[in-house]
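The values are calculated or read from the model by the stated rules, or taken from the named source; none is laboratory data. No experiment lies behind these values; they were computed from the predicted model shown. When we count neighbours, we look across all protein chains shown, and the Cβ atoms used for this are built from the backbone with ideal geometry, even at glycine.
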Amino acid sequence: MVALGACDDASRTQLSPSIPSLSSSSTAVRVATVQRRTPLGDDVTRRVVVDRNGAVIRLDAAGLKVKVPSNALPAGTESLEITVTAIAGSQFAYEFEPSGATFTRPLEIEQDIRDAVVDGHDGGSPIVSYFKTRSDVDAAAGTANSFEDLNTSMDVRGHKLRTDIWHFSGYIVSWGRH
């Protein structure tokens, strides 16, 4: 399920923090991944130290923006070094570190999908899926092991996907766990 909306905030479907995912499983499902028209030649990495005030992390070359809201760090954590890596290749695949880190408020992910190849695909709308390790991503086959699909909204006019994440691992734009 993907909510479609226009480009202004008033018409965009809000994601519910009480329902962080559409489906979750300890068993992977192989999913087709959305491909970039222009592959990333190398990994693109950004490291930022985030404190209780939050931060915005941008990987402009990959079209990704991560908003860490204020007071999202766990109790007793004054700051945290966050690393976001866009994995080289044609897939919209990302690793977030420290792996396994959890947050008290959801982090907002926004992916620009203007560079996405959607021609000829009839599998529905793009959605953000969770993978555990880089070995779950098969760039040559254009697939990945998905352990969870996240509630994803799409701003059609702005060409952006949006989702909330509560923990760090790997995330990829896919056609979902059909």
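Restricting to the range 77-120, and then to whatever is among the polar types (S, T, N, Q) and closer than 21 Å to residue 153 by Cα, can you tell me which residue is surrounded by the fewest Cβ atoms within 10 Å (Cβ to Cβ)?
Step one: filter the range 77-120 for residues among the polar types (S, T, N, Q), giving 77, 79, 83, 85, 90-91, 99, 102, 104, 111.
Next, from what is left, pick out any that are closer than 21 Å to residue 153 by Cα: 91, 111.
On the way: 91: 23, 111: 25.
Filtering first and then ranking leaves 91.
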Margin query: Checking the structure you have, find out if any residue of the range 115-129 is touching a Gly at 6+ places or on another chain (Cβ under 7 Å) and among the hydrophobic types (A, V, I, L, M, F, W, C).
Written below: yes
Note to self: Can you tell me which residue is surrounded by the fewest Cβ atoms within 10 Å (Cβ to Cβ) among those in the range 138-155 that are closer than 17 Å to residue 114 by Cβ and out of contact with any Cys (no Cβ under 8 Å at 6 or more places or on another chain)?
What the structure shows: 153
Checklist line | Single residue of the range 102-159 satisfying the filter (over 11 Å from the mean Cα position of the chain (by Cα) and among the hydroxyl-bearing types (Ser, Thr, Tyr)) that is modelled with the lowest pLDDT | finding: 125
Notebook entry, point to check: Could you say whether any residue in the range 32-52 is among the aliphatic types (A, V, I, L, M), within 28 Å of residue 134 (Cβ to Cβ) and modelled with pLDDT under 90?
Noted result: yes
Next item on the list: Being crowded, with 18+ Cβ neighbours inside 10 Å and part of a strand (DSSP E or B) is the filter here, so list the residues in the range 32-52 that pass it.
Entry: 33, 35, 36, 40, 50
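Here is a check on your reading of the model: is residue 75 among the small types (Gly, Ala, Ser), closer than 23 Å to residue 40 by Cα and out of contact with any His (no Cβ under 9 Å at 6 or more places or on another chain)? Even if it seems obvious, please write down each step before you answer.
Numbers: among the small types (Gly, Ala, Ser): yes; closer than 23 Å to residue 40 by Cα: no; out of contact with any His (no Cβ under 9 Å at 6 or more places or on another chain): yes.
It is false that residue 75 is among the small types (Gly, Ala, Ser), closer than 23 Å to residue 40 by Cα and out of contact with any His (no Cβ under 9 Å at 6 or more places or on another chain).
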Checklist line | Residues that are surrounded by 13 or more Cβ atoms within 10 Å (Cβ to Cβ) and assigned to a loop (DSSP other than H, G, I, E, B), drawn from the range 53-76 | finding: 54, 63, 69, 72, 73
